[in-house]
Structure formats: C-alpha cells, structure tokens
Amino acid sequence: MLHLVAFLLHCLPLAMGHYDICKSWVTTDDGPSWEFYACQPKAMRMKDYVTVRVDPPGITCGDPPERFCTHENPYLCSDECDASTPDLAHPPKLMFDKEDEGLATYWQSVTWSRYPEPLLANITLSWNKSIELTDDIVVTFEYGRPTIMMLEKSLDNGRTWHPYQYYADDCMEAFGMPARRVRDLSTTSANRIICTEEYSRWAGSKKEKNVRLEVRDRFAIFAGQDFRNMDNLYTRLESAKGLKDFFTVTDLRMRLLRPALGGTYVQRENLYKYFYAVSNIEVTGRCKCNLHANLCSFKEGTLQCECEHNTTGLDCGKCKKNFRTRSWRAGSYLPLPNGSPNACAAAGLAFGTAPKSKPGPTAHSAGKKHTKKPAASKISKLIRLKSGSGPVAPVETFRDCECYGHSNRCSYIDFLNVVTCVSCKHNTRGQHCQHCRLGFYRNGSAELDDENVCIECNCNQIGSLHDRCNETGYCECREGAAGPKCDDCLPNYYWRQGCFPNVCDEELLICQNGGTCYQNQRCICPAGYKGVLCEQSKCDSDTKACNSASSTYLSLTTFLISALILQLRHLDF
Ligand SMILES: *[C@@H]1O[C@H](CO)[C@@H](O)[C@H](O)[C@H]1NC(C)=O
Ligand SMILES: *[C@@H]1O[C@H](CO)[C@@H](O)[C@H](O)[C@H]1NC(C)=O
Ligand SMILES: *[C@@H]1O[C@H](CO)[C@@H](O)[C@H](O)[C@H]1NC(C)=O
Ligand SMILES: *[C@@H]1O[C@H](CO)[C@@H](O)[C@H](O)[C@H]1NC(C)=O
Ligand SMILES: *[C@@H]1O[C@H](CO)[C@@H](O)[C@H](O)[C@H]1NC(C)=O
Ligand SMILES: [Ca+2]
C-alpha cells in the first residue's frame with residue numbers, strides 16, 4: 001500500500017518536473033544575476049496535516065459499547081465496538097493512520113437502531129490553508145459504501161460551503177439530478193458539479209470499497225488520458241475561469257446520508273448491520289502558494305508557504321512591506337515552460353517612473369468633486385469603447401499599474417497622460433484604488449493594500465440624512481437622531497421610526513392633573529381632562545360633556561380620536 005502511494009505521488013501529473021524552482025543564479029554576458037520563475041511546492045499526502053471533526057456528537061460507536069454484524073454475515077452479530085477498549089475502539093483518527101498491510105483500521109459509526117430516522121454523519125476535514133488537489137480524493141469504506149452521500153468543500157476555512165460531488169445509487173431519486181460520469185465531461189464542463197452512481201451501488205462489501213472525487217479524470221480532459229499534453233492543462237488552468245478554484249479547498253466535508261443496504265431494502269429486524277466504517281481518506285495535493293513558493297512547511301500546526309519573489313502571507317497572497325510598488329499578482333504558468341514569477345518590486349527598483357499625478361493625502365469623502373468628475377467620465381467612456389468592440393479585449397496591464405492590490409488592471413488615458421486603475425475591488429475607488437467608495441470609510445488599523453481597508457458606513461436608513469460617513473465612520477443624522485450610525489435619539493426625543501421630540505416626559509413636559517406619560521409620546525388623561533398635557537378641564541370648554549353622566553364614555557372616545565390623530569401625524573413621514 002505504502003509503495004503504491006509513493007509510486008502514485010511520483011507520477012502525479014502536476015507533481016512532475018515543472019515549476020519546481022523559484023529562482024536560479026545565472027551568468028550572462030552582463031555578469032551573474034538571479035533569474036526568477038513561477039514555482040509551486042510538491043504534492044503531499046494531505047491527510048498527514050488535517051484536523052478532523054465528526055458530527056453529530058455521539059455518532060462514533062462504542063459509547064456505550066454496541067454489537068454489530070456485517071452484510072456478509074448478518075446473523076452472526078458478535079462483533080463489538082467499545083470505545084474504552086483500544087482493540088475494539090473505532091475513533092476518527094483511524095481514517096488517517098498508516099496501516100500495516102492487510103490490517104484495516106477504521107472509524108465506525110453507531111448502528112442504525114433509530115431507523116426509520118435517517119442515520120446521518122458529517123466528517124469534516126480542515127487544513128486551515130488553501131490547498132490544490134493534484135490527484136483523486138479516495139475514501140475507503142469497510143463493510144460497504146454509503147448508498148447516499150455528498151462531498152462538500154469550503155474555500156474560506158469553513159465559513160461557507162459548496163457542493164463538490166453527489167453520490168447515490170439513484171441520483172434522480174436522492175438528489176433530483178441525472179447521473180453523470182466525469183469521463184463524459186468536456187472542456188467546457190470540466191468544473192461541473194455532478195451526481196455519480198459509480199460508487200454507491202452494492203457490489204459486495206469487500207469488493208468495491210472506494211469512493212472517489214475524480215481529479216485525474218478532470219485533468220485528463222485537457223492533458224489527455226496519458227497526461228502527455230500537460231502544456232494544455234497548465235494553459236487551461238491559467239485561462240479558464242473558475243478551473244483552478246475548482247481544485248482548491250481549505251476544508252472538505254463528507255455528508256453520509258444513508259449507509260450500505262447490502263443490495264436490498266432495509267431489514268428492520270436486523271439493524272445491527274447498517275452503519276458507516278471508513279478506513280482511509282486519501283487527499284493528495286499541494287499548498288496553494290500562488291506560484292510564489294516551492295516549499296510548504298508545517299509550523300505551529302499549520303501549513304505555510306515559504307514565500308519567494310518578495311511576497312508574504314500564508315498563501316504568498318500579498319507583497320512584503322516595502323515591496324508594494326506594483327500591485328501583487330499571482331505567478332502564472334504561462335508562458336510555457338517556465339511561467340512568469342510576477343514578483344513584487346521595491347520602490348525605486350525595476351519600474352522607475354511613478355505616475356505623474358500622485359494620489360493626494362486628501363480626505364476621501366470631500367473636496368474631490370470638481371477635479372475628479374471629468375476624468376471619471378472619460379474613463380468609463382474608454383472602458384465602454386474597449387468592451388464594446390467585438391471580443392472583449394482585456395484592459396492592458398501597465399508596468400506602473402499601482403492599485404494597492406485592489407485591481408490588476410489599469411487603463412491609460414491619452415489626453416490626460418494618466419494611468420488609472422480599473423474596477424477597483426474591496427470597495428475602493430480612485431486612480432490608485434486609494435480611496436473608499438461612497439458609503440464606506442477607511443479602516444484606520446488596516447494598510448492601504450488590505451482587503452479590509454474600507455468599512456461600510458452602515459448608517460441607519462431612517463435616522464441618517466444619507467449613507468455616507470466621515471473618516472471615523474460617523475454618519476450625518478437627521479434632526480433628533482444621534483450616535484455614530486444615527487440609530488439613537490438625542491435626549492428629549494423618542495424613537496418611533498425616526499426620532500420625534502418628546503410630547504411629555506418626567507421633567508419639563510409633565511402630564512398635568514394626574515395624567516400619565518405614555519412612552520414620551522402622549523399623555524393619557526384622566527376623565528374630565530384633555531389637551532396635550534391634560535392641562536384643560538373639559539368643563540371649561542364643553543359644559544355638556546362635563547355635566548353628562550356618561551362623561552367617561554365620551555372621554556374614551558376623545559382619547560381614541562386623539563390617538564388616531566397622533567397616528568395620522570406620524571404617517572406624514
Ligand atoms: C452536516 O453539515 C451540514 C452543513 O454542511 C449541516 O446542514 C448538517 O446539519 C450537518 N449534519 C450533521 C448530522 O451534523
Ligand atoms: C490557522 O492559521 C492561522 C495563521 O497561521 C493561525 O493564526 C491560526 O491559529 C490557525 N487556526 C487554527 C485553528 O489552527
Ligand atoms: C527581493 O528583494 C531583494 C532585496 O531585498 C532582492 O535582492 C531580490 O532580487 C528580490 N526578489 C525578487 C524576486 O524580486
Ligand atoms: C480593519 O482592518 C483590520 C486589519 O486588516 C481587520 O482585522 C479588521 O477586521 C478591520 N475592521 C473592520 C471593522 O473591518
Ligand atoms: C466624524 O464625526 C464625528 C461626529 O460628528 C466627530 O466627533 C469626529 O471628529 C469626526 N471625525 C473626523 C475625522 O472628522
Ligand atoms: Ca485506517
């Protein structure tokens with residue numbers, strides 16, 4: 001087994017010779033100097049660096065001890081799972097251990113004693129690092145493969161999850177999807193999410209144990225079955241949208257949805273033979289270092305790229321301090337065979353000329369209107385011209401395209417003789433993406449090239465005049481509103497879809513004649529009194545009402561009417 005794995009690792013398509021050095025010391029006619037290349041780490045057995053989590057709690061068998069049997073031997077239920085006895089325990093770590101030849105060690109779930117309630121289990125693998133798959137994911141099941149499961153992946157350390165592949169003995173029934181095979185995908189559908197029936201049908205539990213995510217078959221769509229045309233694969237990985245990301249993950253999750261059934265229906269009288277048992281999860285891949293490193297090391301429990309090309313970060317995803325003259329770019333597999341390093345450059349080195357008009361130190365929110373507007377409209381015209389003319393020409397990349405990493409594209413505006421960034425991301429704007437978009441403000445603790453540099457103002461829609469804010473995130477409030485986001489009221493105002501001046505309170509606007517102040521909105525007057533502060537006796541103005549025996553009825557009516565008027569007043573807003 002180990003030999004096989006070593007052998008596989010050796011002839012993995014993407015592990016071959018290519019892109020394995022980042023720089024070399026070369027001597028030319030002008031003397032010796034460094035030459036730089038796109039580079040990537042070797043493929044590794046990623047199960048050695050993973051952390052695993054099995055859900056729900058209590059799904060692992062053995063606590064309390066439990067008997068089980070197999071589909072082959074359904075009436076001999078003498079096997080036992082006991083978490084407190086090492087020889088009989090089946091903890092999650094046995095999915096990642098090194099096995100002696102012939103002796104499978106495996107994680108095992110509880111049996112399906114709660115049938116017909118589904119037997120569900122999640123196995124979540126996390127690396128805390130983006131990795132690029134270079135070979136099939138192979139999950140080995142002892143005692144039969146699940147009849148329904150799915151594989152999910154995350155690209156952001158488990159914050160969001162996306163389906164990766166669906167598996168069922170009947171895809172239509174389980175997921176409402178037609179069954180597909182990766183071998184039948186084409187160059188345009190190489191990153192399609194499919195449901196496959198190849199790994200879920202009953203074939204005897206000792207015969208077919210593996211469930212795969214077919215990475216090699218997807219590579220073969222471009223490189224050919226014998227992987228002879230690797231150039232084509234590298235070219236496609238660089239140019240086809242979403243293709244590289246398809247093979248990139250930070251986490252994987254197997255959702256086991258229905259166990260092996262032994263090729264028939266569930267037999268209620270013997271539920272001891274239904275469970276999941278996984279002996280191995282092989283994940284082969286390399287650290288994603290954006291083609292800026294050929295080494296990846298395991299430090300403090302986390303994989304980290306050893307970044308070259310003056311880049312830094314877990315994935316070499318940004319330029320080192322003092323090397324931010326140009327915006328960061330990933331290295332590229334192209335042009336073949338050595339690719340482009342796209343190294344970060346220090347100020348004053350390499351790309352001499354700074355743009356003529358330097359970004360001013362002025363506030364982002366004020367004072368720009370007159371000078372910037374004409375330029376901005378010219379820019380958009382230019383872009384429209386470019387994108388309108390036939391096949392969309394990529395906006396050229398200029399050598400002094402300085403966008404603090406918020407864009408990789410610049411445009412040259414002829415008559416202004418200015419190079420300006422195009423499509424600034426991360427809510428930035430400006431010639432160098434150095435300002436925040438309206439409705440955002442500068443994050444004081446983030447550097448200009450940080451993705452989090454602009455924070456949304458988040459002004460309360462009702463309390464504020466508009467959705468812009470000043471440099472410290474303060475919004476401009478309507479009358480009576482207060483607080484950084486204008487979601488509070490000033491003293492002597494009350495909130496009711498906006499701030500309104502108090503009608504009554506405990507200090508100055510006190511309800512008279514025993515009236516009580518209701519939520520600062522109105523006085524509730526005792527019978528016989530009226531007015532905003534119950535200051536008027538009804539007898540003063542309306543003797544009839546005063547003398548009437550049913551004055552309480554009337555005062556109730558007036559109260560309802562005044563409440564109605566109060567409501568109507570608010571509807572004006
Ligand atoms: C498995 O994970 C999914 C999300 O990916 C979640 O919706 C589901 O409840 C989990 N199932 C169990 C048994 O924890
Ligand atoms: C993930 O990696 C980051 C960066 O190295 C580290 O700070 C963090 O502690 C790691 N988290 C876990 C859960 O290992
Ligand atoms: C990185 O910076 C150093 C100077 O600190 C320089 O010698 C080296 O050539 C740079 N590397 C690249 C790839 O630009
Ligand atoms: C400000 O930037 C820092 C550094 O990147 C980041 O940790 C923090 O979350 C940002 N603050 C907000 C409110 O986004
Ligand atoms: C932003 O507005 C708040 C409230 O008006 C004020 O206290 C703060 O000084 C302002 N900050 C700046 C940088 O103008
Ligand atoms: Ca094992």
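The values are calculated or read from the model by the stated rules, or taken from the named source; none is laboratory data. Keep in mind that what you see is a predicted model, and the values were worked out from it rather than measured. Positions of Cβ are backbone-derived with ideal geometry, glycine not excepted, and every protein chain shown enters the neighbour counts. For the accessible areas, the whole protein counts, side chains as well, though only heavy atoms, and no ligand, DNA or RNA atoms are used. Shrake-Rupley method; radii C 1.70, N 1.55, O 1.52, S 1.80 Å.
Data table
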| read-out | value |
| --- | --- |
| Signed unit charges on C-beta, dipole axis of segment 203-257, positive-most listed residue F227, L256, V215 | L256 |
| Pairwise FRET efficiency - Y115 versus R159, Cβ, R0 = 45 Å, nearest 0.05 | 0.85 |
| Virtual spin-label span in nm between F298 and D414, 7 Å along Cα→Cβ | 5.9 nm |
| Above-threshold pairs, the threshold being 23 Å between Cα atoms, out of K42/K318; K47/K209; K23/K320; K129/K206; K42/K321 | K129/K206; K42/K321 |
| Computed E for Y265/E99 - FRET, C-beta separation, R0 45 angstrom, nearest 0.05 | 0.85 |
| Euclidean distance of C-alpha centroids, segment 288-307 and segment 417-440, integer Å | 31 Å |
| Listed residues Y529, Y106 arranged by accessible area, highest first, probe 1.4 Å | Y529, Y106 |
| Distance between modelled label sites at E507 and D467, nm, 7 Å Cα→Cβ extension | 3.6 nm |
| Surrounding net charge for N157, when Lys and Arg each add one and Asp and Glu each subtract one, Cβ distance under 10 Å | 0 |
| Solvent-accessible ranking of M149, M172, largest area first, probe 1.4 Å | M172, M149 |
| Local net charge near H406, Cβ-Cβ under 14 Å (Lys/Arg +1, Asp/Glu -1) | +4 |
| Local electrostatic count, Y37, Cβ distance below 11 Å [Lys/Arg +1, Asp/Glu -1] | -2 |
| Pairwise label distance in nanometres, N338 with I21, each label 7 Å out on the Cα-Cβ vector | 1.0 nm |
| DSSP-defined antiparallel bridges as percent of all bridges, segment 164-320, nearest 5 | 65 percent |
| Gyration tensor verdict on segment 92-155 (Cα atoms; rounded if a/c is under 1.5, prolate if a/b is larger than b/c, oblate otherwise) | oblate |
